[in-house]
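This structure is in structure tokens; I'll ask about it shortly.
The values are calculated or read from the model by the stated rules, or taken from the named source; none is laboratory data. From a predicted model like this one, the values you see are computed outputs, not experimental measurements. Every residue, glycine as well, gets a Cβ built from its backbone with ideal geometry; the counts of neighbours run over all protein chains shown. Note: areas computed on protein heavy atoms with side chains; ligands, DNA, RNA excluded. Shrake-Rupley method; radii C 1.70, N 1.55, O 1.52, S 1.80 Å.
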Amino acid sequence: MSRGRVWVVAGAALAVVSGLSAPALAETGADGWLRYAPLSNAARAQYTSFPATIVMLGDSLVLRTARDELVRGVSGMLGSRLTVAASPGAGDAIVIGAAGQVRRAVTGAAIPTDLRVDGFWLGSAVAGGRRLIIVAGQADRGVLYGAFALLRRISLGEPVSGLDERQDPAAPIRWVNEWNNLDGSIERGYAGSSIFFEGNNVRADLKRVSEYGRLLASIGINGCDVNNVNANTRVITAEFVPQLARLAEAFRPWGVRLAVSIDFSSPQKVGGLATFDPLDPEVARFWKTTVDRIYAQVPDLGGFVLKADSEGRLGPSAYKRTHADAANVIARALAPHGGVLFYRGFVYDNRMDWRNLKNDRARAAVDNFRTLDGSFDANVILQIKNGPIDFQVREPASPLFGTLQKTNQVIELQITQEYLGQQRHIVYLPPMWKEVLDFDMKVGRAATPVKDLVSGRTFDRPLGGFVGVSNVGLDRNWLGHHLAMSNLYGFGRLAWNPGLSSERIADEWARMTFGDDPRVQKTVAGILLESWPAYENYSGSLGIGTLTDIIGVHFGPGVESSERNGWGQWHRADGMGVGMDRTVATGTGFIGQYSPAVASLYESLATCPEELLLFMHHVPYTHRLRSGKTVIQHIYDQHYLGAEQAAAFVSRWKTLDGVVDRERYLEVLDRLEFQAGHAIVWRDAVNNWFQRTSAVQDEKGRVGREPGRVEAESLSLTGFTAADVTPWETASGGKAVVCNATSGCAATYEYRDAPGAHDIVVQYYDQSDGTSRYRLLVAGREVDRWIADRNLPHVESNGHTATRRTVRGVALKTGETIRLEATPDGREPAPLDYIEVK
């Protein structure tokens, strides 16, 4: 190499060093796992001889991003500034560049010659007595991914000497979908408003979009669809496309390609045609003209996402055309530009007759697409949800993965927790995803796990991979719950390498996000790994499906909401038994959509995995599980166990007080305490509903008998009046009390149990249409006061708004009066469910 000019990238480096000089300061979570906080002295010791120079071979936007990220990361973690040079000069150096250029510049570097698209090699070499760390990518984007991988090694305290590590992504498609609306709202978004849109336009300030691109690039995500699959037609209009170009520009330094969701009826609604029939030549011309115009301003557009003939969206059925007809007319317009069309396989009839026991929403994907295998163009990708229903707490792998052998496919995973606590609860999702990805569909002579089917390896399809519905928002920590960021990180890591274990991903994320203190890593990773089983326990186990309110916001319990309607998320619970009969012999026949080997596993009660028992079979409540328990007793026991597990998360997190920075510590504690309280709401609602419906008592005598609990309607009330709660199971005793007096209300009772220090629990409803105020007194002395302002997703008192407030260690004497005072606000009438002394 020739000696070249040397200069220092001081701005970014000094900013990082300055910003991290006081690690005890509070953190917002905005940097996610890319904090680059200073390593402990022990961890830093192995990097004392780390190169002081970085050499970039080539000059592109993405290469410059990789260089600057290395400068930023090394400065932050190791406290040393990297000097940027055109050649290594006389000292050791990091050399970054595309593989071909690095081979020419560094003789003898053992760079693989067959790196896949986006792949990279981290290696070591000695040139002229200088020790080199090499980051070589298949192309520039691979260099960026390699740079992040090198920084990840440092943040995890892994060695960087003697490197010889090749990484290739499992599949070419690794995208996120953002269900953002142009008005700035987000469908199924739980972390604030859109980072992309406001007021029916692209936001003026796109700094957060660039920051999001950085997070995505760090985990190998190469595409982002920015708008809701229930698409606004405006997004592809001529006046809006320049705004899309601004979004693409914000993503471009990070190698993330922009994509948009489209409306199938756009030829009519936007183009003014009389039809949107996919076989009409005028419709084909509309799509070609529209696509050409978009690519003229966004030349690296990734493509389109299309939801059609689903949940009221217009589609090809309007003209008796097929899904292949619909996809191909748009794909052919995209093909000359290298664009792809993601066609969502989420197609079903949401007006099914629930009285017909042969109807089954789970069958819909295979029934709609089986006969079309091989009919789609080469740049069409069928986007298939992980399970056959809709992101439930547990589902089997969709049989469509094994049905299609000639059609490109990606798996759609939901990072945003639509049915899983909406980031008010922590549910770490990689273990759930791994169960599907590792499941062998048994459609070939060798093993055919879903991860190989969607990557395109099994049937040699050119396109395939992974799509995650992320729905980040303007909240400082992106997803509303600091711990929920583990799901975004986990999705990216599994999309790159689905062979990684959930444990490895949790450990990586915990250390990168909260530091290298072993106490923090063990506690955080432990909570993450136990969170999905806990949520499943207190919401619904045995594959029963959702017991949440599916008609509304999908958050709190509402056991009957999924029954007797056309949405098809039935669990068929009645007085005798529970579960969907999906067998071939007596049920809907869904099981027969799997390969014979998998179908035989699910068809028999003797071999069906019990975690999916009620998804596949309708059984009596008295059916004995392999543990010896009846199904109904298992339901009772698991709900109590799940609530206990959620409470334990709080206790374990509290051990990190003073170890984790104060701001994040308190924010996570608040979420975990809410989750523990809401888990009790779930426990009581589901158990009380099943005990009433089955008429089978809990053999342990717990359900409906909570010691120390006094129903609000049984208290001495001033101003409060009793009110029914709907659904009934979301209130203890089926009722609450509400205050309609603007001057305030009070509820009192005399404590009659043993004296001592006790916890006092107030169960109330925090509606979204006001901020009521509460005050708790014991013998006239105030022990707590608070405002009901948690921003929960409903305007009524029900399982979505049920909230638990616990005042710990209150000194109580027998005969003292416990008094709750409440002041309503707006339309929220300071609802109260019960008071409990524990």
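List the helices (runs of 4 or more DSSP H) that sit entirely inside the range 252-371 and contain at least 1 residues that are of a type in the set (Asp, Glu).
281-297, 323-334, 364-369
Here is a further query. Check Gly189, Gly137 and return the single one that is within 21 Å of Val260 (Cα to Cα) and modelled with pLDDT of 95 or more.
Every option except Gly189 fails the conditions.
Checking the structure you have, find out if any residue of the range 350-362 is in contact (Cβ under 8 Å) with a residue 24 or more places away in the chain, closer than 23 Å to Val469 by Cα and crowded, with 23+ Cβ neighbours inside 10 Å.
First pass over the range 350-362, keeping only residues in contact (Cβ under 8 Å) with a residue 24 or more places away in the chain: 350-354, 357-362.
After this cut, where a residue has to be closer than 23 Å to Val469 by Cα as well, the list is 350, 361-362.
Restricting the remaining residues to those that are crowded, with 23+ Cβ neighbours inside 10 Å gives 362.
Yes, some residue in the range 350-362 is in contact (Cβ under 8 Å) with a residue 24 or more places away in the chain, closer than 23 Å to Val469 by Cα and crowded, with 23+ Cβ neighbours inside 10 Å.
Among the residues of the range 599-641, which ones are buried (at least 16 other Cβ atoms within 10 Å of the Cβ) and either of a type in the set (Phe, Trp, Tyr) or part of a loop (DSSP other than H, G, I, E, B) (or both)?
If the condition is that a residue be buried (at least 16 other Cβ atoms within 10 Å of the Cβ) and either of a type in the set (Phe, Trp, Tyr) or part of a loop (DSSP other than H, G, I, E, B) (or both), then Tyr602, Cys608, Phe615, His617, His618, Tyr621, His623, Lys629, Tyr636, Tyr640 are the ones that fit.
When residues of the range 544-568 are filtered for being under 22 Å from Ala679 (Cβ atoms) and either assigned to a loop (DSSP other than H, G, I, E, B) or open to solvent by less than 20 Å² (accessible area, probe 1.4 Å) (or both), how many remain?
Looking only at that region, the number is 16.
What are the residues in the range 421-437 that are open to solvent by 10 Å² or more (accessible area, probe 1.4 Å) and in contact (Cβ under 8 Å) with a residue 60 or more places away in the chain, if any?
Across the range 421-437, the qualifying residues are Arg424, Pro431, Met432, Lys434.
In the range 705-722, is there at least one residue being open to solvent by 50 Å² or more (accessible area, probe 1.4 Å), touching a strand residue (DSSP E or B) at 6+ places or on another chain (Cβ under 9 Å) and either over 24 Å from Ser772 (Cβ atoms) or at pLDDT below 95 (or both)?
Scanning the range 705-722, I find at least one residue that is open to solvent by 50 Å² or more (accessible area, probe 1.4 Å), touching a strand residue (DSSP E or B) at 6+ places or on another chain (Cβ under 9 Å) and either over 24 Å from Ser772 (Cβ atoms) or at pLDDT below 95 (or both), so the answer is yes.
Could you tell me which numbered condition Glu165 fails, if it satisfies all but one of (1) of a type in the set (Asp, Glu); (2) in a strand (DSSP E or B); (3) under 20 Å from Gly465 (Cβ atoms)?
Exception for Glu165: condition (3).
Being farther than 26 Å from Arg692 by Cα, open to solvent by less than 10 Å² (accessible area, probe 1.4 Å), assigned to a loop (DSSP other than H, G, I, E, B) and at pLDDT 95 or above is the requirement here; does Gly587 meet it?
Working: farther than 26 Å from Arg692 by Cα: yes; open to solvent by less than 10 Å² (accessible area, probe 1.4 Å): yes; assigned to a loop (DSSP other than H, G, I, E, B): yes; at pLDDT 95 or above: yes.
Yes.
Keeping to the range 116-144, report how many residues are more than 39 Å from the chain's Cα centre (by Cα) and more than 13 Å from Ile94 (Cα to Cα).
So the count comes out to 2.
In the range 655-699, what residues are crowded, with 21+ Cβ neighbours inside 10 Å and not in a helix (DSSP H, G or I)?
Val660 - this is the single residue of the range 655-699 that is crowded, with 21+ Cβ neighbours inside 10 Å and not in a helix (DSSP H, G or I).
Looking at the range 296-313, which of its residues are on the phi > 0 side of the Ramachandran plot and among the acidic types (Asp, Glu)?
Once the filter is applied, which keeps residues that are on the phi > 0 side of the Ramachandran plot and among the acidic types (Asp, Glu), the range 296-313 yields Asp309, Glu311.
Is there a residue in the range 598-613 that is touching a Leu at 6+ places or on another chain (Cβ under 8 Å), more than 30 Å from Ala364 (Cβ to Cβ) and touching a residue at least 60 places away in the same chain (Cβ under 8 Å)?
For the range 598-613, residues touching a Leu at 6+ places or on another chain (Cβ under 8 Å), more than 30 Å from Ala364 (Cβ to Cβ) and touching a residue at least 60 places away in the same chain (Cβ under 8 Å): absent.
Run Glu782 past the list (1) out of contact with any helix residue (DSSP H, G or I) (no Cβ under 9 Å at 6 or more places or on another chain); (2) touching a residue at least 24 places away in the same chain (Cβ under 8 Å); (3) surrounded by fewer than 19 Cβ atoms within 10 Å (Cβ to Cβ) and report the number of the one that doesn't hold.
The one condition Glu782 does not meet is (2).
May I pose another question? Picking from Arg457, Arg493, which residue would you name as being out of contact with any helix residue (DSSP H, G or I) (no Cβ under 7 Å at 6 or more places or on another chain) and open to solvent by 10 Å² or more (accessible area, probe 1.4 Å)?
The unique qualifying residue is Arg457.
Quick test of your reading of the structure: Tyr489 fulfils all but one of (1) in a helix (DSSP H, G or I); (2) within 11 Å of the chain's Cα centre (by Cα); (3) closer than 25 Å to Ile389 by Cβ. Name the failing condition by number.
Answer for Tyr489: the failing condition is (3).
Right, something else. Quick test of your reading of the structure: Gly184 fulfils all but one of (1) within 26 Å of Asp309 (Cα to Cα); (2) part of a helix (DSSP H, G or I); (3) touching a strand residue (DSSP E or B) at 6+ places or on another chain (Cβ under 7 Å); (4) not polar (S, T, N, Q). Name the failing condition by number.
Status for Gly184: all satisfied but (2).
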